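J.: I have a structure here, written as structure tokens, and I will follow up with some questions on it.
All of the numbers you see were taken from the coordinates with simple rules; none came from a lab. Because the structure is predicted, anything quoted here is derived from the model rather than measured. No Cβ is skipped: glycine too gets one built from the backbone with ideal geometry, and neighbour counts run over all protein chains shown.
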């Protein structure tokens, strides 16, 4: 954790410091083996859940941590600095809990949230489909109401925790158009729900990503979150918060790459002095440090708006765009700092570089983020100058 980071409270500072200690003590020794052998770290998520780190931004009355998003994201960054796959997983779990927490009825919250937030369960989020890409309104997965049950059929793509999760938040079509999509909470053991083998990815290999097949999956009406037709609204609102999670993870990954590059540059010598003392290399490291700080500032600024109840869609997209583009650049430059050895698996830089790439793609590609930002500016009749209300 950077020494100059300002914490909102002493309790928050302690929480982030404890997270950092836990990550280095418990997570760091496992990373290389799990990533190399593509082993899903289920016990690691149980450990984080029992420590209360899977439910930080949710209400304490249901087992959450009652923490501001600003604090939760910094905890997420600390985890991702040590293990990006796990950082992504914590973010996805939080996104999976968003629907019931924000749009569930009081009865649904009482019934589900203690289990979802208690630490033993892990969530997954099913929005994308193989043919739809970045256009969720084009989904074909359908939920047909029959008596007091919905019957779901379709295929969901790119599901993080597929085959490992205890519950799935599924978007399915109950009507036509953008207003014909509904949201369902589906337990993993429900008959007819099956996960394909994990995708063979270039990075985040300990995080299992699969297609989810729904074949005559029967879900009780009580498992629909919100009214019929509100699913896309729930999905898009959740993605605003999810994008901040990915921005924090990308920042943690970039920080890890910067730390490794600086440590190497201090020790490696050429022409009689440490390579960090050569101006050309020090300028490269300076640009990397600036990129990490800018990424952190972007996600914290957006999180503070969220915590204040202000609109933050544009700011979330900016944070995701900036942080993930910066992570790609910083990890690439870190490999360059190490030269030939940076290209080998003897150092983690080549893995960081591979892991950074997907962050420019999931939770909405960075081209989609630019569309969101551009459309927001077009609709902003107040202009882009920040007003006293924070617009």
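J.: In percent, how large is the relative contact order of the chain, given Cα pairs closer than 8 Å and 6 or more residues apart?
T.: Reported as a whole number, the value is 15 percent.
J.: In which sequence would 202, 139, 359 go, from the one with the fewest C-beta neighbours within 10 Å to the one with the most?
T.: 202, 139, 359
J.: Could you work out how far the C-alpha centroid of the stretch 136-203 sits from that of the stretch 312-360, in angstrom?
T.: 31 Å
J.: Quickly estimate the mean residue ellipticity at 222 nm for the chain, helices only: each DSSP H run with n ≥ 4 gives -39500 (n - 2.57), and the total goes over all residues, rounded to 500.
T.: Rounded to the nearest 500, the figure is -16500 deg cm²/dmol.
J.: In nanometres, what is the gap between the two model label sites at residue 190 and residue 142, each 7 Å from Cα along Cα-to-Cβ?
T.: 1.7 nm
J.: By how many degrees, between 0 and 90 and to the nearest 10, does the Cα long axis of helix 366-379 differ from the longest principal axis of the chain?
T.: On a 0 to 90 degree scale, this one is about 70.
J.: Quickly work out the residue 301-to-residue 222 label distance, labels modelled 7 Å from Cα along the C-beta direction, and quote it in nm with one decimal.
T.: 4.6 nm
J.: For the chain, give the share of DSSP beta bridges that are antiparallel, in percent and rounded to the nearest 5; count only bridges with both residues there.
T.: Roughly 85 percent of the beta bridges in the chain run antiparallel, per DSSP.
J.: What FRET efficiency, computed as 1/(1 + (r/R0)^6) with R0 = 30 Å and r the Cβ-Cβ distance, is obtained for residue 287 and residue 361, rounded to the nearest 0.05?
T.: 0.80
J.: Now, a different point. Order of 381, 251 from fewest to most other C-beta atoms within 10 Å?
T.: 381, 251
J.: Roughly how tilted is helix 279-307, in degrees to the nearest 10 and between 0 and 90, from the longest Cα axis of the chain?
T.: Around 30 degrees separate the two axes.
J.: Right, next: Anyone know which of 206, 319, 132 comes out most mobile in the 10 Å Cα GNM of the chain?
T.: Looking only at 206, 319, 132, the largest GNM fluctuation is found for 132.
J.: Give me 285, 53, 116 sorted ascending by neighbouring Cβ count inside 10 Å, so fewest comes first.
T.: 285, 53, 116
J.: Report P(r) for the stretch 123-229: all Cα-Cα distances, bin width 10 Å, range 0 to the bin holding the largest distance, values in whole percent.
T.: 16, 50, 28, 6, 0
J.: Moving on to the next point. What FRET efficiency, computed as 1/(1 + (r/R0)^6) with R0 = 51 Å and r the Cβ-Cβ distance, is obtained for residue 263 and residue 135, rounded to the nearest 0.05?
T.: 0.70
J.: Want the number for residue 376 to residue 21: 0.36 nm per residue separation, take away the alpha-carbon distance, what's left?
T.: Working it through step by step, the gained length comes to 123.8 nm.
J.: Going by average Cβ density within 10 Å per residue, which order do the peptides 209-219, 14-24 take, highest to lowest?
T.: 209-219, 14-24
J.: Round to a whole angstrom and tell me the spacing of the C-alpha centers of the stretch 9-31 and the stretch 48-83.
T.: Going from one Cα centre to the other spans 11 Å.
J.: Roughly what would the spin-label model give for residue 294 and residue 236, points 7 Å off Cα along C-beta, in nm?
T.: Between residue 294 and residue 236, the label points sit 2.9 nm apart.
J.: May I ask for the angle, rounded to the nearest 10°, between helix 84-103 and the longest principal axis of the chain, with both axes built from Cα atoms and the value confined to 0 to 90°?
T.: 30 degrees
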